[in-house]
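K.L.:
Okay, here's the structure, questions in a sec.
The values are calculated or read from the model by the stated rules, or taken from the named source; none is laboratory data. Bear in mind the structure is a predicted one, so any value in this text is a computation, not a measurement. Cβ sites come from the backbone with ideal geometry, for glycine too, and all protein chains shown count toward neighbours.
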Amino acid sequence: MIGAHRTSRCGQNPIQTVGNGRQTLDSSSFKLKADVTVATFVVASNRLRLPRRSDHVQLLRTMSSSKPPISTVIVEDNPALLELLTGMLDGIDGIRIVGSAASEADAIALIHATRPQLAIVDLELREGTGLRVLSAIQSTPSESGSTRAVVFSNHAHPVVRSRCLALGAEAFFDKSFQMDELLEFVNGVSGTST
């Protein structure tokens with residue numbers, strides 16, 4: 001059963017064969033059950049046609065193998081690096097960039113508005129610091145959601161790293177030489193392999 005049942009209005013057979021051998025379903029004769037979450041009918045010129053078995057199998061495979069993408073925010077004030085990061089992250093299956101910010105205030109507002117699952121934060125911003133962005137994520141979970149934060153910065157002094165980790169950052173990546181490690185981390189978060 002495809003999740004439809006006959007209504008009492010049906011006097012004739014609602015399934016008809018069209019010129020190409022495909023069967024169609026008269027939409028006035030059937031209604032969907034209330035608990036159906038995925039429609040498997042295809043609308044074609046005021047008629048619903050039944051999908052081929054291969055269409056149905058492919059739909060089920062897609063549904064079982066896919067999961068929602070990880071919403072991601074990038075906090076970076078360097079336009080060239082932001083473009084590079086965005087391009088690289090867009091190439092990772094399971095990642096969706098929902099926004100970027102170049103200042104502390106914009107970053108906090110964006111994170112509160114979008115409640116991303118992942119935030120990649122630079123420490124030196126146009127106005128303010130990434131440290132205060134991390135602090136805002138950690139201190140306002142009701143507004144930030146369950147955002148996981150990582151730092152991507154040139155300021156990799158051990159004291160700075162420790163401060164970032166104390167403010168809730170899961171990891172710290174040095175911009176100078178750890179781009180690959182950042183991408184590996186993001187791949188792990190998205191559930192894809194490198």
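K.L.:
Starting from residues that are of a type in the set (D, E, K, R) and over 12 Å from LEU134 (Cα atoms), keep the ones in the range 165-185 and report whichever is surrounded by the most Cβ atoms within 10 Å (Cβ to Cβ).
P.N.:
LYS175
K.L.:
Are any residues in the range 137-164 surrounded by 14 or more Cβ atoms within 10 Å (Cβ to Cβ) and aliphatic (A, V, I, L, M), and if so, which ones?
P.N.:
Result: ILE137, ALA149, VAL150, VAL151, ALA156, VAL160.
K.L.:
Just to verify a result, which residue in the range 111-130, among those that are crowded, with 21+ Cβ neighbours inside 10 Å and among the hydrophobic types (A, V, I, L, M, F, W, C), is farthest from SER162 (Cα to Cα)?
P.N.:
ILE111
K.L.:
Going through the range 77-104 one residue at a time, which ones are surrounded by 15 or more Cβ atoms within 10 Å (Cβ to Cβ) and more than 21 Å from the chain's Cα centre (by Cα)?
P.N.:
ASP77, ASN78, LEU81, ALA102, SER103, GLU104
K.L.:
Mind checking which residues of the range 75-111 are in a helix (DSSP H, G or I) and in contact (Cβ under 8 Å) with a residue 24 or more places away in the chain?
P.N.:
Those that are in a helix (DSSP H, G or I) and in contact (Cβ under 8 Å) with a residue 24 or more places away in the chain: LEU81, LEU85, MET88, LEU89, GLU104, ALA107, ILE108, LEU110, ILE111.
K.L.:
Next question. For the range 114-194, please list each of the strands (runs of 3 or more DSSP E) lying entirely inside it that holds at least 3 residues being in the same structural domain as ASP77 (by TED's automatic domain parsing) and over 18 Å from the mean Cα position of the chain (by Cα).
P.N.:
Strands (runs of 3 or more DSSP E) meeting the threshold: 148-153, 169-174.
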